[in-house]
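The block underneath contains the structure these notes are about, expressed in structure tokens.
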Amino acid sequence: MVVTGRLAAAAGVSALFVTLVVPSLLGVVVLTCALAAALLFDLAAVGRARDLTLSRQALTTVRLGRSTEVELVAVNTGPRALRGMVWDDWPDSARAVDRAHPLDLAPATKVRFRTTLTPTHRGDRVAGPVTVRLLGPLGLAGKQTRHSVPARIRALPAFRAERLLRSKVKRLQHLEGRNVANLRGQGTEFDSFREYVAGDDVRAIDWRATARATDVLVRTWRPERNRHMLMLLDTGRISAGRVGDGTRLDASIEAALLLGGLAVAAGDSVDLLAFDRKPRAEVRGAGGKGLQLKLMHAMAGITPALVDTDSSGLVRAAVQRARRRSLVVWFTSLDGAAVEENLLPVLPVLAQRHRVLIVSVTDPDVAAAAARRDNVADLYAAAAAESVLAERALVQESLRRTGIAVVAAPPERLPEALADEYLELKQSGAL
């Protein structure tokens, strides 16, 4: 049972009335009995909590940084009207607004309550219990119950780099339209026939097509489509490092989403594996327009694990998932110690079977510190920053000499830089 402020106000008015008007024991007894009778009447007239049926959508999705409304449906299946309040409980990180809703529901009617949510982090947020307080017609007292109504809201990655996708796809289509070769080579497939012109290689002449036509026809070739790409997302402790306004993992997710959308437009199939000591998320054999949504759902709940990544285990998992030659895009860090201890021992095994592209996000604060030399204190910070940059440049050069491409850029530039590298690989016929 719960009582309201209206009962306290009625008791205060009654006490004041007894004190000023009828200051006697009889007056106290009469008013107390009247107040008790009103309270009992109110409790007896309260609707039954079991007559209220609550339901809501099991899963609601929203982009990180945006708001969405979740609906709570209440149905009165009993013979009495239900009056009171409903509180829709959500975790603080869901940033719920307008969680309290007044309830005034006649028998055999339905109402929808809407709560606005603005999640602050990626991943799932589980709804708490729904608290229902039913009051009597006088509003003096009532009954309060809690109902378990399962529901979740999933905050998908923000994917701010989506604005770049259309321009990159147009550039890809332009490259595919003009990048037609006379001779067949590695990573090419048959495109079409055209008339023979002086200077063409006679080996490109298709004699069967020529016999059916009035002119001599040669075959043209284009970069092969339907290639396979495997994205490896390092979710170890190095991915928890802060760069810019987010973490290394956040920047890698943005770049992976843009690359996945571009690969689908190019006709490639895409796999994703998030790994530290064991697989954290996986997407296999995805393609078509639904790829980006699958990637978003898979990466929505990924958080950095505070353990060192098992690079050998990651390579073994990659080899098992990519049987044919593929483009392996590995999102990791290029810190000198991490590369020497984790990457260099295992990269030759991966590079022998696949084309490997290492993607790393750089810290813009380091570059800013290297350029800031206003006073003596800044000189020491600049020297340390220059040392880090030189070490990173040396690592990148050593990887490139072994045939492994490297993309390193600040968080806001990483998605575009990775997309440009992918287009360069497509243009050169390396994919």
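The values are calculated or read from the model by the stated rules, or taken from the named source; none is laboratory data. Since the structure is predicted, the reported quantities are computational estimates derived from the model, not experimental observations. Note that we place each Cβ from the backbone using ideal geometry, even for glycine, and neighbour counts take in every protein chain shown. Only protein heavy atoms, including side chains, enter the accessible area calculation; ligands, DNA and RNA are left aside. Shrake-Rupley method; radii C 1.70, N 1.55, O 1.52, S 1.80 Å.
Some observations on this one:
- Breaking point among (1) crowded, with 16+ Cβ neighbours inside 10 Å; (2) more than 17 Å from LEU418 (Cα to Cα), for LEU357: (2)
- Odd one out for ARG122, checked against (1) free of Cβ contacts under 8 Å to residues at least 40 places away in the same chain; (2) crowded, with 20+ Cβ neighbours inside 10 Å; (3) basic (Lys, Arg): (1)
- For the stretch 67-82, the criterion of being surrounded by 15 or more Cβ atoms within 10 Å (Cβ to Cβ), farther than 25 Å from LEU134 by Cβ, modelled with pLDDT of 90 or more and touching a strand residue (DSSP E or B) at 6+ places or on another chain (Cβ under 7 Å) is satisfied by at least one residue.
- Residue count for the stretch 335-347, restricted to those that are part of a helix (DSSP H, G or I) and modelled with pLDDT under 85: 8
- 1 or more residues buried (at least 18 other Cβ atoms within 10 Å of the Cβ) and of a type outside the set (D, E, K, R): qualifying helices (runs of 4 or more DSSP H) within the stretch 205-319: 248-265, 291-300
- Scanning the stretch 96-113 for residues that are in contact (Cβ under 8 Å) with a residue 40 or more places away in the chain and either open to solvent by 90 Å² or more (accessible area, probe 1.4 Å) or touching a Cys at 6+ places or on another chain (Cβ under 8 Å) (or both) gives a single hit, ARG112.
- Total residues in the stretch 43-57, condition open to solvent by 70 Å² or more (accessible area, probe 1.4 Å) and part of a loop (DSSP other than H, G, I, E, B): 2
- Single residue of the stretch 211-243 satisfying the filter (of a type in the set (Val, Ile, Thr) and in contact with a Phe, Trp or Tyr (Cβ under 8 Å, 6 or more places away or on another chain)) that is modelled with the highest pLDDT: THR235
- Candidate set: the stretch 320-331, residues that are open to solvent by 20 Å² or more (accessible area, probe 1.4 Å) and not in a helix (DSSP H, G or I); chosen: the one modelled with the lowest pLDDT: ARG323
- Selected residue [at pLDDT 80 or above, outside any strand (DSSP E or B) and surrounded by fewer than 16 Cβ atoms within 10 Å (Cβ to Cβ)] from ARG166, ARG184: ARG166
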